[in-house]
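Undergrad: Quick one: the structure is below, and I'll ask about it shortly.
The values are calculated or read from the model by the stated rules, or taken from the named source; none is laboratory data. Since this is a predicted model, take the numbers as computed values, not measurements. Please note: Cβ atoms are built from the backbone with ideal geometry, for glycine as well, and neighbour counts cover all protein chains shown. Quick note on the areas: whole protein, heavy atoms, side chains included, nothing else; ligands and nucleic acids left out. Shrake-Rupley method; radii C 1.70, N 1.55, O 1.52, S 1.80 Å.
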Amino acid sequence: MTMRTMLTNQPKKIGHMKFGLLSPKEVRGLSATKVITADTYDEDGFPIEMGLMDPRLGVIEPGLRCKTCGQKVGDCPGHFGHIDLAMPVIHVGFVRVVRDILRGTCRGCGKLLFTERLREDFEKQLKTYEAEEKDVSILAKRVSKDASNVTVCPHCGREHGTIDVDKPTTFRENGHKLTPSEVREWLEKVPNEDLKLLGLNAEVCRPEWMVLTVLPVPPVTMRPSITLESGERSEDDLTHKLVDVIRINQRLQENRDAGAPQLIVEDLWELLQYHITTYFDNQTAGIPPARHRSGRPLKTISQRLKGKEGRFRSNLSGKRVNFSARTVISPDPNLSINDVGVPIECAQELTVPIRVTPANFQFCADLILRGPEPKFPEGKYVPGVNYVIRPDNRRVKVTDKNADEVAKRLEVGSIVERQLDDGDVVLFNRQPTLHRMSMMAHTVRVMPGKTFRFNLPNCPPYNADFDGDEMNLHVIQGEEARAEAEILMKVQENIRSPRFGGPIIGAIHDHISGNFLMTWKNPKLPLEDATQVLSRVGFKGQMPAILEEKDEHGETRKFVMGRDLFSTLLPPGINLSYKANACPSGMKEKEARLPENDFWVVIEDSKLIQGGIDKTSIASEKGKLLDHIARRYGNQAAREFLDKVTKVGNGFLTLRGFSTSIDDEDLPPEARHEIEERIRATKERVDVLLKQYKKGELQALPGRGVEETLEMEIMRETGQARDAAGETASRSLGMDNSAVLMARCGARGSMLNLSQMAGLVGQQAVRGKRIHRGYQKRTLPHFKWGDLGSDAKGFVAASYKTGLNPTEYFFHSMGGREGLVDTAVRTSRSGYMQRRLINALEDLKVAQDGTVRNTAGTVIQFVYGEDGVDPTRSVGGEPVDFDTIFASVASGKAKAKKGGN
Amino acid sequence: MSEEVPAQASRFNVLNHVNVPLHEVLTDSEAKEVLKRYGITKEQLPKVRSNDPVVQVLQKQAGSDGLAGKIVQITRRSPTAGTAVAYRLIVEAI
């Protein structure tokens, strides 16, 4: 390492920063060469001297040395050149500043259009602003505004015209064009003291520098040319733009020197202005963007920096990282929720650094001996080593050939980059990363296949499904980071969400159906089935009670009750009592507790006494039982419970068998007739309403017009029809129907979905009203003009199963499209809001004393969230869970009573 | 400031409004104690401007319009914490 690089690697503290403009003098001073040739390379492929690729502007080809600083590719930062402009040109970025100065100063004497007294007044104000460190630009705005209202210069008596800007860069005084030269002359006259009042520091920012006479040419290092496979050179967009600038500049100079007509010179001048404007910003309003030969707009300086793909957001705020992988995800119900399945291909590429010590020396040497592609003994994956970093910071790639050699030369103090192994801690992430559960720590399970795998309870926190979603994985590289991730980010530590104070990780879909079927009305499981289900979780505790009964052949059969089986999964000492999700909304507790309903869950001393385990017990967001275990027995216990409950649910469902199909939506003939009858009645009633309306007999509701009343009545009528059909459907479809069962226990789907499939789809609406737009006075040409009937306004009397007729289908699509557009708009808007919020809040933290502070130490909140409660540990936002405390006290009393008797 | 504030008699006392929490101007010794408790300087407190309606009322009550630099204690009702106390530094309006 040379002395020079060692010095530059020293961290340095930035004392202060100052923003200013480059003066023409400075530009020439910085310049390594003047650029006069529009060409880049000659026929032999050598850069042309004083051309845009002049070797003095820096090196981009490996092996060569810079002609200015003598350094090699990575070290030479590049050097600016310059182009002398034949005529001055306005800089687009400063048009507004220039406009304000022109408006506020006199063209004759250049002074601010203030009387001496007014000036002094403002100067005094400026001093107080500076003393109080207030934003001077506010004052400057007022100065230029006040000055621009003056019509006659108080100093020289010259009349002051109105200054307008023709977008983007043309100035007009009283409608007459001002050439950039004239603007520059004017700006030159403005005295330094006046600039101060206008908010400019004359030392680093003279206004005439905003009119360019010399253009800096950026170093080649920031606009490298690339050689295509065909050997052709392809230049950077900036280079292309600079070529245009030089070409026009040259022509302008020739024409002017040759004494060409004024018109031609002016045209060329304007063209030069256009090229320089687009060189800075190719999206300037009012001019067409400069395009590449292919028609693609050029990416010039402003485009490089601005926006999401710009330098700031894409390269400075966000970076690409090593030790990460991305692939498609797929489910694996046999993994723990803490695990993530990693393909062998990924595992062999990703590494964990291990520092070699005397204690692990032999271990490391053995690892290295395996090489980068170890043979798997008995087919079991073992990690190899990809690199060894020697104590002198040299990186040695381990290959099958040199593995022995590298292992032999291993020293204490080296770092061995071991391939990923089972049990390594990694971060797993799915975009959009909207909350902290979008990035959690998992333990690795290396397995064959090409996808990342995880268990299904992790779908809700990541908002993932398996229709092609991809996820990212990051391998933790340090001990401290690993410990922190395990304590704070592990999946089990994130079971409870800070968003609503309940579990966000929980059983889903089949887990719920399975557990519900296993516990609701307490079915009997043959002993063989029960043992098989329990074997799925590697059950080791006390077996549930084994009962016996005689079957019709008189043979003894051993069986286990479903609830007993479920109860074995519970940690000891749980007392809970609550309404199950399957319970119809109007049902009272007493009715729900009846054995024929069995919709009330009672757990006493960790025994499930009654009720079916469904969404309200174990599901994500709702699961009370899961939530209770997580709060009372800790995250570890909750994870174990969840791992077991999902496996048992799947196991039971697999043994029992479970399927749903289109005939789950078949209704018995009576029900079908009932619904048809209802549809007919609805249409009739709508017709009656319409007749009343046409006769003018319809009574308007208070505060509404007759038309509004009619619409409301019809909407209500059709709404009732749909509800009635749903009612009919759910009455004739019982819990023996798989689709109904899933809807009731909360596994998937809703009764509304079912009634739309079996009964009728119902009224379609756009913007909360019946379909009303389309052709003149009618929604579709299939209807008569002015038809207000139910069919013509989007009432879909068919069900999804029977199928929609063409007009119904079209109306349904209209309603569906509205929903689609709404979600699209919502996501983009909430995304933008979230970005703004994050930018505002990102550096706030809760300090040691419980106050919320920003980086300056300013207090934002005196107690976090007013109450100091961690929402993750709250109960649905409340700090104390009285319900459970009462329930547990009550059950304790009941037990005491029982014991007493 | 030449803000158009309704005259004393016709002006509603905002402190009496149900949605305005209790505001109290701290004495210098109380203020010192608060700053010491949080280990901060006055500048690190949240601010309230002197043309804020609440401060205007407080100024009227204190019979001075030089409350800038004083600290107000705000006691709010909180659904979860019972009462929540916050402090603000009165600053000159811009």
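Undergrad: Could you say whether any residue in region A:594-606 is of a type in the set (D, E) and free of Cβ contacts under 8 Å to residues at least 60 places away in the same chain?
TA: Residues of region A:594-606 that are of a type in the set (D, E), as a first pass: A:596, A:598, A:604-605.
This time we only want the ones that are free of Cβ contacts under 8 Å to residues at least 60 places away in the same chain, so: A:596.
Yes; the residues of region A:594-606 include at least one that is of a type in the set (D, E) and free of Cβ contacts under 8 Å to residues at least 60 places away in the same chain.
Undergrad: Ok, one more. What residue, among those in region A:155-206 that are in a loop (DSSP other than H, G, I, E, B), open to solvent by 60 Å² or more (accessible area, probe 1.4 Å) and touching a residue at least 60 places away in the same chain (Cβ under 8 Å), is farthest from A:R119 (Cα to Cα)? Walk me through how you get there before you give the answer.
TA: Initially, region A:155-206 is screened for residues in a loop (DSSP other than H, G, I, E, B), giving A:155-158, A:160-162, A:167-169, A:174-175, A:179, A:190-191, A:198-206.
Now narrow it down to the ones that are open to solvent by 60 Å² or more (accessible area, probe 1.4 Å): A:155-156, A:158, A:162, A:167, A:174, A:201, A:203.
From the residues that got through so far, the ones that are touching a residue at least 60 places away in the same chain (Cβ under 8 Å) too are A:167, A:201, A:203.
On the way: A:K167: 32, A:N201: 17, A:E203: 21 Å.
In this case the residue turns out to be A:K167.
Undergrad: Do we have A:V416 as in contact with a helix residue (DSSP H, G or I) (Cβ under 6 Å, 6 or more places away or on another chain) and closer than 22 Å to A:D339 by Cα here? Give the steps one after another, and end with the answer.
TA: Working: in contact with a helix residue (DSSP H, G or I) (Cβ under 6 Å, 6 or more places away or on another chain): yes; closer than 22 Å to A:D339 by Cα: no.
So A:V416 does not fit the description; no.
Undergrad: With respect to A:N334, determine if the residue is modelled with pLDDT of 95 or more and either open to solvent by less than 10 Å² (accessible area, probe 1.4 Å) or touching a helix residue (DSSP H, G or I) at 6+ places or on another chain (Cβ under 9 Å) (or both). Outline the logic, then answer.
TA: Numbers: modelled with pLDDT of 95 or more: no; either open to solvent by less than 10 Å² (accessible area, probe 1.4 Å) or touching a helix residue (DSSP H, G or I) at 6+ places or on another chain (Cβ under 9 Å) (or both): yes.
No; evaluated as a whole, the condition is false for this residue.
Undergrad: Of all residues in region A:498-552, which are aliphatic (A, V, I, L, M), open to solvent by less than 60 Å² (accessible area, probe 1.4 Å) and over 44 Å from the mean Cα position of the chain (by Cα)?
TA: Within region A:498-552, A:L525, A:L527, A:A530, A:A545 meet the criteria.
Undergrad: Kindly list the number of the only condition in (1) away from chain B (no Cβ under 14 Å); (2) exposed (fewer than 15 other Cβ atoms within 10 Å of the Cβ); (3) not hydrophobic (A, V, I, L, M, F, W, C) that fails for A:D849.
TA: In the conditions (1) away from chain B (no Cβ under 14 Å); (2) exposed (fewer than 15 other Cβ atoms within 10 Å of the Cβ); (3) not hydrophobic (A, V, I, L, M, F, W, C), A:D849 misses (1) alone.
Undergrad: Something else about it: In region A:620-648, how many residues are more than 31 Å from the chain's Cα centre (by Cα), crowded, with 18+ Cβ neighbours inside 10 Å and among the hydrophobic types (A, V, I, L, M, F, W, C)?
TA: Residues flagged as more than 31 Å from the chain's Cα centre (by Cα), crowded, with 18+ Cβ neighbours inside 10 Å and among the hydrophobic types (A, V, I, L, M, F, W, C) within region A:620-648 amount to 5.
Undergrad: Could I ask something else about it? Would you be able to say whether some residue in region A:553-575 is surrounded by 15 or more Cβ atoms within 10 Å (Cβ to Cβ), touching a Gly at 6+ places or on another chain (Cβ under 9 Å) and modelled with pLDDT under 90?
TA: Yes, region A:553-575 has at least one match.
Undergrad: How about region B:69-90: which of its residues are more than 17 Å from B:L22 (Cβ to Cβ), open to solvent by less than 40 Å² (accessible area, probe 1.4 Å) and within 12 Å of chain A (Cβ to nearest Cβ)? It would help to see each step written out before you state the result.
TA: If we filter region B:69-90 for residues that are more than 17 Å from B:L22 (Cβ to Cβ), which is where we start, we get B:69, B:80, B:89.
Subsequent filtering for residues that are open to solvent by less than 40 Å² (accessible area, probe 1.4 Å) retains B:69, B:89.
If the condition is that a residue be more than 17 Å from B:L22 (Cβ to Cβ), open to solvent by less than 40 Å² (accessible area, probe 1.4 Å) and within 12 Å of chain A (Cβ to nearest Cβ), then B:L89 is the only one that fits.
Undergrad: Determine the pairs where a residue that is among the acidic types (D, E), located within region A:709-723, has a partner that is in a helix (DSSP H, G or I) with Cβ atoms under 6 Å apart, the partner being 6 or more residues away or on another chain.
TA: A:E713/A:L689; A:E717/A:T682; A:E717/A:R685; A:E717/A:V686
Residue-by-condition table, conditions (1) within 14 Å of chain B (Cβ to nearest Cβ); (2) surrounded by 10 or more Cβ atoms within 10 Å (Cβ to Cβ); (3) under 34 Å from the mean Cα position of the chain (by Cα):
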position	(1), (2), (3)
A:Y800	no, yes, no
A:P806	no, no, no
A:A824	no, yes, yes
A:G831	no, yes, yes
A:Q834	no, yes, yes
A:L844	yes, yes, yes
A:G857	yes, yes, yes
A:A887	no, yes, no
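Undergrad: Are any of the residues in region A:660-677 under 30 Å from A:S336 (Cβ atoms) and open to solvent by 40 Å² or more (accessible area, probe 1.4 Å)?
TA: Within region A:660-677, the subset under 30 Å from A:S336 (Cβ atoms) is A:660.
After this cut, where a residue has to be open to solvent by 40 Å² or more (accessible area, probe 1.4 Å) as well, the list is A:660.
Yes.
Undergrad: How many residues does region B:24-68 contain that are assigned to a loop (DSSP other than H, G, I, E, B) and within 14 Å of another protein chain (Cβ to nearest Cβ)?
TA: Residues of region B:24-68 that are assigned to a loop (DSSP other than H, G, I, E, B), as a first pass: B:26-27, B:39-41, B:45-46, B:50-52, B:63-68.
Going one step further and asking which of them are within 14 Å of another protein chain (Cβ to nearest Cβ), we end up with B:26, B:39-41, B:45-46, B:68.
Qualifying residue count for the region: 7.
Quick grid of which residues meet (1) aromatic (F, W, Y); (2) over 24 Å from A:K167 (Cβ atoms); (3) in a loop (DSSP other than H, G, I, E, B); (4) open to solvent by 50 Å² or more (accessible area, probe 1.4 Å):
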| residue | (1), (2), (3), (4) |
| --- | --- |
| A:I276 | no, no, no, no |
| A:Q283 | no, no, yes, yes |
| A:E309 | no, yes, yes, yes |
| A:R313 | no, yes, no, yes |
| A:G318 | no, yes, yes, no |
| A:V321 | no, yes, yes, yes |
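Undergrad: Here's something else I'd like to know. Yes or no: region A:236-252 includes at least one residue that is within 19 Å of A:E182 (Cα to Cα) and among the acidic types (D, E).
TA: Within region A:236-252 (the criterion being within 19 Å of A:E182 (Cα to Cα) and among the acidic types (D, E)), the answer is no, since none of the residues qualifies.
Undergrad: Looking only at region A:718-774, count how many residues are open to solvent by less than 30 Å² (accessible area, probe 1.4 Å) and within 18 Å of A:D791 (Cβ to Cβ).
TA: Total meeting the criteria: 12.
Undergrad: Somewhere in region A:862-879, is a residue open to solvent by 80 Å² or more (accessible area, probe 1.4 Å) and within 28 Å of B:L89 (Cα to Cα)?
TA: Going residue by residue through region A:862-879, those that are open to solvent by 80 Å² or more (accessible area, probe 1.4 Å) are A:864, A:873, A:878.
Within this subset, residues satisfying the condition of being within 28 Å of B:L89 (Cα to Cα) are A:864.
Checked region A:862-879: at least one residue is open to solvent by 80 Å² or more (accessible area, probe 1.4 Å) and within 28 Å of B:L89 (Cα to Cα).
Undergrad: Tell me, which residue of region A:213-230 that is touching a strand residue (DSSP E or B) at 6+ places or on another chain (Cβ under 7 Å) and open to solvent by less than 20 Å² (accessible area, probe 1.4 Å) is nearest to A:E61 (Cα to Cα)?
TA: Step one: filter region A:213-230 for residues touching a strand residue (DSSP E or B) at 6+ places or on another chain (Cβ under 7 Å), giving A:213-217, A:225-228.
Of the ones still in play, those that are also open to solvent by less than 20 Å² (accessible area, probe 1.4 Å) are A:214-215, A:217, A:225.
Working: A:V214: 28, A:L215: 25, A:V217: 19, A:S225: 10 Å.
Ranking the candidates gives A:S225 first.
Undergrad: Further question on the same structure: Which one of these is modelled with pLDDT under 90, of a type in the set (S, T, Y), open to solvent by less than 100 Å² (accessible area, probe 1.4 Å) and within 28 Å of A:Y274 (Cα to Cα): A:T5, A:T40? I'd like the intermediate steps shown before the answer.
TA: Numbers: A:T5 fails: within 28 Å of A:Y274 (Cα to Cα).
Just one listed residue meets the conditions, A:T40.
Undergrad: Looking at (1) at pLDDT 95 or above; (2) in contact with a Cys (Cβ under 8 Å, 6 or more places away or on another chain), find the lone condition where A:R430 falls short.
TA: Going through the list (1) at pLDDT 95 or above; (2) in contact with a Cys (Cβ under 8 Å, 6 or more places away or on another chain), A:R430 breaks only (2).
Undergrad: So A:G857 ticks every box in (1) in a loop (DSSP other than H, G, I, E, B); (2) in contact (Cβ under 8 Å) with a residue 24 or more places away in the chain but one. Which box is left unticked?
TA: Every listed condition holds for A:G857 apart from (2).
Undergrad: Given the options A:G892, A:G819, A:G865, A:G815, name the one that is within 14 Å of chain B (Cβ to nearest Cβ), out of contact with any helix residue (DSSP H, G or I) (no Cβ under 7 Å at 6 or more places or on another chain) and part of a helix (DSSP H, G or I).
TA: Numbers: A:G892 fails: within 14 Å of chain B (Cβ to nearest Cβ); A:G819 fails: within 14 Å of chain B (Cβ to nearest Cβ); A:G815 fails: within 14 Å of chain B (Cβ to nearest Cβ).
Of the residues listed, the single one that is within 14 Å of chain B (Cβ to nearest Cβ), out of contact with any helix residue (DSSP H, G or I) (no Cβ under 7 Å at 6 or more places or on another chain) and part of a helix (DSSP H, G or I) is A:G865.
Undergrad: Would you be able to say whether some residue in region A:782-794 is open to solvent by 70 Å² or more (accessible area, probe 1.4 Å), under 22 Å from A:E711 (Cβ atoms) and basic (K, R)?
TA: Yes: region A:782-794 contains one or more residues that are open to solvent by 70 Å² or more (accessible area, probe 1.4 Å), under 22 Å from A:E711 (Cβ atoms) and basic (K, R).
Undergrad: Can you give me the number of residues within region A:757-812 that are part of a strand (DSSP E or B), of a type outside the set (A, V, I, L, M, F, W, C) and in contact with a Lys or Arg (Cβ under 8 Å, 6 or more places away or on another chain)? Walk me through how you get there before you give the answer.
TA: Of the residues in region A:757-812, the ones part of a strand (DSSP E or B) are A:762-763, A:765-766, A:769-770, A:775, A:778, A:795-796.
With the extra rule that they be of a type outside the set (A, V, I, L, M, F, W, C), the set shrinks to A:762-763, A:769-770, A:775, A:778.
Filter once more, keeping what is in contact with a Lys or Arg (Cβ under 8 Å, 6 or more places away or on another chain): A:762-763, A:770, A:778.
Within region A:757-812, residues that are part of a strand (DSSP E or B), of a type outside the set (A, V, I, L, M, F, W, C) and in contact with a Lys or Arg (Cβ under 8 Å, 6 or more places away or on another chain) number 4.
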